[in-house]
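Colleague: Dumping the structure here so I can ask a few things about it.
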Amino acid sequence: MDLIQRPRRLRGSETLRKMVRETRIDKSSLIYPLFVQEGTGRKDEIPSMEGQYRYTVDLLPRKLEELADAGVGSVMLFGIPDHKDEAGSGAYDENGIVQKALREAKKQVPELYYITDVCMCEYTSHGHCGVLCGHEVDNDATLELLAKTALSHVEAGADMVAPSDMMDGRVRAIRECLDRAGHKETPIMSYAVKYASAFYGPFREAADSAPAFGDRKSYQMDFHNRREGMKEALTDVEEGADIIMIKPAMSYLDMVSEVYKAVHVPVAAYSVSGEYAMVKAAAKMGWIEEDRIVCEMAASVFRAGAQIYLTYYAQELAGYIDEGRIG
Ligand code: PBG
């Protein structure tokens, strides 16, 4: 056969395949989401997320050290308070669960980088991501509370804050508040392109944060939309976001590539609880090979253009990178 183009030539050996590899994966890109709860001496497994736990603050350092040893340098903290109220006051309480966890974590394991999820839904009695006016989430009234929450996280030791509420104007409100308090250098990673997604189901069980009525469609995005996602990303960059996140990851990789091309800030993708649960469940049934699927999902996110990957599989992935099974 007189073929000029033979793409297979470059696939002939592992050495060659690695030489021409287009996507390189590094452990420093990984962020591990972690749940902290009130109480002591407890590490409770999340039923729909086998292998993921809600840690009390005293048991947190052990997990953090394990992550650091594995080479996962950053975590994203989520708080599960004991007490919820209409205004989500636990979110910005100096002695709230995330604030306490941060102080302890920074003291015990200072080498990790601490990012916090800034949102109201784990703290409000109604489970919505902001304060209510009637049955509607009041955008502007929520901004001040989000800014207060972000500031209290930073004052407790957060290295970066990540608003996930999807209120309009929250990046600006948080930036202004942090700057006024002298935290000009603390970056904001915005959950800018966040869809109203059934993929968050297991998380809501983990964080006990399902909305008591209605859904999140009046603030999270319609999953049919692409241009609207671009608008969200560009708006947040204008408001001062340092990093733009797309969430979920797997079904939204088109948005990762598109946003990557349109903005000049780093792009993050969050492989959410439902993605983790699907892989775990299918693997448990023996229907898929978990490790290979996890590597493929990770590579696809970086191939699409992300520089940062949030995943419940961060620790396993770090191991796969060490073993050269992905990289
Ligand atoms: C808080 C928040 C959610 C997730 C991250 N931050 C839940 C939601 O918006 O309902 C989901 C993460 C996951 O599913 O892993 N608003």
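Colleague: Looking at the stretch 149-192, which GluC sites (Glu not before Pro) are in a loop (DSSP not H, G, I, E or B) and have at most 16 other Cβ atoms within 10 Å?
Modeller: Glu185
Colleague: Around Ala87, what is the net charge, scoring Lys/Arg as +1 and Asp/Glu as -1 over all other residues with Cβ under 12 Å from its Cβ?
Modeller: Residues close to Ala87 contribute a combined charge of -3.
Colleague: Calculate the spin-label point distance for Ser257 paired with Arg303, positioning each point 7 Å from the Cα along the beta-carbon direction, and give it in nanometres.
Modeller: 1.0
Colleague: Multiply the residue separation of Ala68 and Asp168 by 0.36 nm, subtract the distance between their alpha-carbon atoms, and state the gained length in nm to one decimal.
Modeller: 32.5 nm
Colleague: For the modelled label position 7 Å from the Cα of Tyr113 along Cα-to-Cβ, which residues of the stretch 131-162 have backbone nitrogen atoms closer than 19 Å?
Modeller: 153-162
Colleague: List every residue whose amide H lies under 5 Å from the amide H of Ala196, counting only residues 5 or more places away in sequence or on a different chain, with H placed 1.01 Å from N in the peptide plane.
Modeller: Counting only residues 5 or more places away or on other chains, the set is Met221, Asp222, Phe223.
Colleague: How many Å² of accessible area per residue for the chain, probe 1.4 Å? Can you show the working numbers first?
Modeller: On the way: 15070 Å² over 327 residues.
Here the per-residue accessible area is 46 Å².
Colleague: Additional query: Antiparallel DSSP bridges in the chain: what percent, to the nearest 5?
Modeller: Details: 5 of 39 bridges.
Here the antiparallel bridges make up roughly 15 percent for the chain.
Colleague: Spelling out what I want: for every residue of the stretch 256-266, take phi, set θ = phi - 60°, compute 6.51 cos²θ - 1.76 cosθ + 1.60 (Karplus), and round to whole Hz; glycine and proline get x.
Modeller: 4, 5, 5, 5, 4, 6, 8, 10, 10, 10, x
Colleague: Per 0.36 nm of contour for each residue apart, how much would the distance between Asp82 and Ser28 grow if the chain were fully extended, relative to their Cα-Cα spacing?
Modeller: Length gained, Asp82 through Ser28: 16.1 nm.
Colleague: Sticking with this structure for a sec: Using only Cα atoms, figure out Rg for the chain and give it as a multiple of 2.2 N^0.38 Å.
Modeller: With N residues counted in the chain, Rg over 2.2 N^0.38 Å equals 1.01.
Colleague: If I model a spin label as a point 7 Å beyond the Cα along the Cα-Cβ vector, how far apart are those points for His224 and Ala141 in nm?
Modeller: Placing both labels 7 Å along Cα→Cβ, they lie 3.1 nm apart.
Colleague: Just to be sure I follow the definition: excluding the sites themselves, where is the longest run in the chain that has none of the chymotrypsin sites (Phe, Trp or Tyr not before Pro) in a DSSP loop with at most 11 other Cβ atoms within 10 Å?
Modeller: Longest run free of exposed loop sites: 1-212.
Colleague: Right, another one. Report the FRET efficiency, 1/(1 + (r/R0)^6), for Arg11 and Asp208, where r is their Cβ-Cβ distance and R0 is 41 Å, rounded to 0.05.
Modeller: Details: r = 49 Å, r/R0 = 1.18.
Here the calculated transfer efficiency is 0.25.
Colleague: Nearest 10 degrees, 0 to 90: what angle lies between the long axis of helix 227-239 and the longest principal axis of the chain (Cα atoms)?
Modeller: 60
Colleague: For the stretch 170-186, in order, what is each residue's ³J(HN,Hα) by Karplus, 6.51 cos²θ - 1.76 cosθ + 1.60 with θ = phi - 60°, in whole Hz (x at glycine and Pro)?
Modeller: Values per residue, Gly and Pro as x: 6, 5, 4, 4, 5, 4, 4, 5, 5, 4, 4, 8, x, 9, 5, 8, 7 Hz.
Colleague: So if I average 1/r over every pair of distinct C-alpha atoms in the stretch 187-252 and take the inverse, what Kirkwood radius in Å does that give?
Modeller: Kirkwood hydrodynamic radius for the stretch 187-252: 12.8 Å.
Colleague: Mind checking the full-extension length gain between Leu234 and Val20? Use 0.36 nm per residue of separation minus the Cα-Cα distance, one decimal, nm.
Modeller: Going from the current span to full extension adds 73.7 nm.
The values are calculated or read from the model by the stated rules, or taken from the named source; none is laboratory data. Note that this is a predicted model, so its numbers are computed, not measured. Reconstructed Cβ throughout: ideal geometry from the backbone, glycine too, with neighbour counts over all protein chains shown. Please note that ligands, DNA and RNA were not included when accessible areas were found on the heavy atoms of the full protein model with its side chains. Shrake-Rupley method; radii C 1.70, N 1.55, O 1.52, S 1.80 Å.
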